[in-house]
Each structure stands twice: as C-alpha cells, then as structure tokens.
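*Asks:* Handing you this structure, nothing more for now.
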Amino acid sequence: MAEAAKRRKSLGLIVEQYAPLVLSVGSSIAIYVLAPAIIAKFEPTDGWQVSSLYGAIFNWSAIQTGFAFGVYGFVVGKNDGFVQEIRDKLAMRRFLAYVRRANIGGFVLTVMSLPLTIANPPISDPQSPMFFVVLGWFGLFLWTFLAFLRVAYGFGKLSSVRDQPEFYGA
C-alpha cells in the first residue's frame, strides 16, 4: 500500500514538473503537422487575423508576468505564519523555482512579442524561417501559460492555509 502511494506521488511530481514542457512541445509538433490547415484559417476570407494573435499573446504575457511577479513578491516578502514555517522546505523551494521560471518565461515572451506585434509578419509558408520563429514563439506562449497555471494552482493551495491565531493560554 505504501509503495503504491509512493509511486503515485512520484508520478504526480513528474507530471507537475514536466507537463508544461511536454504539452507545449507536443502542441508545437501538432501545429507543425497541421500547419497547412491552420495557415488557411489566417487567409483574409476566413477571418482569423495574425495581428490579433500577436496582440492577444502580448497582452496576456504582460498580465501573467505581472501576476507571477506579484506572487513571488508576496511569498518572498511574507515572514510570518504558515509561509514562514515552510520557507525552508523542499516544496517551497520547488514552488519558488516554478514562480521564477514563469516570471522569466513571461518576460522573454513579452519581449519577443513586441517585434511581432509591431512588424506583423505573415505566416503563409510552413517552410519559411519566419514560420519557425512564430512557431517557437507560440510554443513559448504555451509553456508560459501552463507554467502560469502551475503557479496559480500552487499559490491557491498556499494561500488557502490559514495562519493559526496566537494562543495565550487558558
């Protein structure tokens, strides 16, 4: 029984650590395979606008980076209660590493989005270098989004633990 629980826990940790990367790489491969159909949706008659994609991801990356930075500041700056009690634990170090990675990824995504938003390059040829630049950028978006969800979930768990009021005795 204890062995099965240990295996489930280690499997959960592997999913927690690697799911954003595996899902974003897998999605990027799927986008490449389905590129002709996806590119066809960006033709002027179908209504999808590549400039809207660039702008939406730029806006989202700026918002999620701000949130992740706020979480990092809150957790690092809190010096009492539950957070202080778990500060030196492996789970907290792991959580802070996730937050740092989400911040760095979000910052890189925001900076990469600026020239795409301004230049608005087309994605009409799946063999062109610009297609691969946009595909890499979109893969980074997927990774940062999933990393952000991991941070938001962890922060929700962390912030749901109530600090115990001080007990002065009876």
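*Asks:* Specify the residue that is surrounded by the most Cβ atoms within 10 Å (Cβ to Cβ); the eligible residues are those in segment 33-64 that are part of a helix (DSSP H, G or I) and hydroxyl-bearing (S, T, Y).
*Replies:* The selected residue is S61.
*Asks:* Condition first: small (G, A, S) and part of a helix (DSSP H, G or I). Now tell me which residues in segment 94-126 satisfy that.
*Replies:* Going through segment 94-126, the residues small (G, A, S) turn out to be 97, 102, 105-106, 113, 119, 124.
A97, A102, G105, G106, S113, A119, listed by residue number.
*Asks:* Now a separate question. Please go through segment 117-143 and pick out each residue that is among the hydroxyl-bearing types (S, T, Y) and in contact (Cβ under 8 Å) with a residue 60 or more places away in the chain.
*Replies:* Within segment 117-143, the first condition is being among the hydroxyl-bearing types (S, T, Y), and the residues that meet it are 117, 124, 128.
If the condition is that a residue be among the hydroxyl-bearing types (S, T, Y) and in contact (Cβ under 8 Å) with a residue 60 or more places away in the chain, then T117, S124 are the ones that fit.
*Asks:* Looking at segment 84-93 only, could you name the residues that are surrounded by 14 or more Cβ atoms within 10 Å (Cβ to Cβ) and in a helix (DSSP H, G or I)? Talk me through it step by step, then tell me what you get.
*Replies:* In the first step, residues of segment 84-93 are kept if they are surrounded by 14 or more Cβ atoms within 10 Å (Cβ to Cβ); the result is 86-87, 92.
Scanning segment 84-93 gives I86, M92.
*Asks:* Next question. Tell me which residues, restricted to segment 142-170, are exposed (fewer than 12 other Cβ atoms within 10 Å of the Cβ) and at pLDDT below 80. Spell out the reasoning first.
*Replies:* Within segment 142-170, the subset exposed (fewer than 12 other Cβ atoms within 10 Å of the Cβ) is 156-157, 160, 162, 164-170.
Those that are exposed (fewer than 12 other Cβ atoms within 10 Å of the Cβ) and at pLDDT below 80: S160, R162, Q164, P165, E166, F167, Y168, G169, A170.
*Asks:* Out of (1) of a type in the set (S, T, N, Q); (2) over 24 Å from F132 (Cβ atoms); (3) touching a residue at least 24 places away in the same chain (Cβ under 8 Å), the odd one out for S24 is which?
*Replies:* (2)
*Asks:* Moving on to the next point. Here is a list of conditions, (1) more than 28 Å from A119 (Cα to Cα); (2) modelled with pLDDT of 90 or more, and G81 meets all of them except one; can you say which number that is?
*Replies:* The failed condition is (2).
*Asks:* State whether the residues of segment 107-116 include one that is touching a residue at least 60 places away in the same chain (Cβ under 8 Å), on the phi < 0 side of the Ramachandran plot and either surrounded by 13 or more Cβ atoms within 10 Å (Cβ to Cβ) or touching a strand residue (DSSP E or B) at 6+ places or on another chain (Cβ under 7 Å) (or both).
*Replies:* Initial filter on segment 107-116 (touching a residue at least 60 places away in the same chain (Cβ under 8 Å)): 116.
From the residues that got through so far, the ones that are on the phi < 0 side of the Ramachandran plot too are 116.
Subset that is either surrounded by 13 or more Cβ atoms within 10 Å (Cβ to Cβ) or touching a strand residue (DSSP E or B) at 6+ places or on another chain (Cβ under 7 Å) (or both): 116.
Yes: segment 107-116 contains one or more residues that are touching a residue at least 60 places away in the same chain (Cβ under 8 Å), on the phi < 0 side of the Ramachandran plot and either surrounded by 13 or more Cβ atoms within 10 Å (Cβ to Cβ) or touching a strand residue (DSSP E or B) at 6+ places or on another chain (Cβ under 7 Å) (or both).
*Asks:* Look through L96, L13, L90 and report the one residue that is over 30 Å from V133 (Cβ atoms) and modelled with pLDDT of 90 or more. Walk me through how you get there before you give the answer.
*Replies:* Numbers: L13 fails: modelled with pLDDT of 90 or more; L90 fails: modelled with pLDDT of 90 or more.
Residue meeting the stated conditions: L96.
*Asks:* Which ones in segment 65-83 are more than 19 Å from L149 (Cα to Cα) and surrounded by 12 or more Cβ atoms within 10 Å (Cβ to Cβ)?
*Replies:* Step one: filter segment 65-83 for residues more than 19 Å from L149 (Cα to Cα), giving 76-83.
Result: V76, K78, G81, F82, V83.
*Asks:* Give just the number: which of (1) modelled with pLDDT of 90 or more; (2) within 27 Å of F42 (Cβ to Cβ) does P122 not satisfy?
*Replies:* Condition (1) is where P122 drops out.
The values are calculated or read from the model by the stated rules, or taken from the named source; none is laboratory data. Nothing here was measured: the structure is a model prediction, and the numbers come from that model. Reconstructed Cβ throughout: ideal geometry from the backbone, glycine too, with neighbour counts over all protein chains shown.
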